[in-house]
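Written below as structure tokens is the structure these notes are about.
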Amino acid sequence: MTRKLGSSELAGDALQETFLRVERMSNAPAVQSPKDYLFRIALNVATDRRRVEQRHLSLDAVDALLDIPDDTPDAAAVMEGRQDIEALDRALAELPARARQVFMAAVVKKQPDHEIAAQLGVSVRTVEIDLRNALKHCAQRLDRTLIRRTGGPRPR
């Protein structure tokens, strides 16, 4: 058994478990070759143990998992985020209705300008102007710098 499994410890554990299983059998089947039968059970037990051991994490892996930094925001960051959302809500409420609709469609729903224009019955240029003005207004109210992205206009 040790030769077959490559480990005397694994062989001993497998044989011990095999004898416990056989002892628990209430309706033992008639076996032509008890030695081969016990050997097969022991090999199955050893295979099962190896599978279980492969599923377990090593101590190094557990240590690595415990060292993962916690990315959840602390209470101050959550409060600051909520205040930013409230400030944005107030800034959006100050906008004209169409500019607010354009902002929500373009920024929140990620709709292209031509779809927004069609929905509102205005030109694409009007959508672009309303969006630019809404972004400027919100940036001012939130005391943020508006960054103009390079690479051309938004997708139409």
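The values are calculated or read from the model by the stated rules, or taken from the named source; none is laboratory data. All values derive from a computational prediction rather than experimental measurement. Positions of Cβ are backbone-derived with ideal geometry, glycine not excepted, and every protein chain shown enters the neighbour counts. Please note that ligands, DNA and RNA were not included when accessible areas were found on the heavy atoms of the full protein model with its side chains. Shrake-Rupley method; radii C 1.70, N 1.55, O 1.52, S 1.80 Å.
Points to keep in mind about this one:
- Any chance Glu53 is closer than 30 Å to Glu128 by Cβ and open to solvent by 80 Å² or more (accessible area, probe 1.4 Å): no
- Exactly one residue among Ser58, Ser7, Ser33 is modelled with pLDDT under 90, of a type in the set (S, T, N, Q) and open to solvent by 60 Å² or more (accessible area, probe 1.4 Å), and that residue is Ser58.
- The range 66-92, residues that are open to solvent by less than 60 Å² (accessible area, probe 1.4 Å) and in contact (Cβ under 8 Å) with a residue 12 or more places away in the chain: Asp84, Ala87, Leu88, Ala91, Leu92
- Residue among Asp63, Asp143 that is closer than 30 Å to Asp13 by Cβ and surrounded by fewer than 12 Cβ atoms within 10 Å (Cβ to Cβ): Asp63
- Filter pass, Leu88 being touching a Phe, Trp or Tyr at 6+ places or on another chain (Cβ under 8 Å) and assigned to a helix (DSSP H, G or I): no
- When the range 93-123 is filtered for residues that are in contact (Cβ under 8 Å) with a residue 12 or more places away in the chain, over 19 Å from Ala139 (Cβ atoms), over 33 Å from the mean Cα position of the chain (by Cα) and not in a helix (DSSP H, G or I), only Val122 remains.
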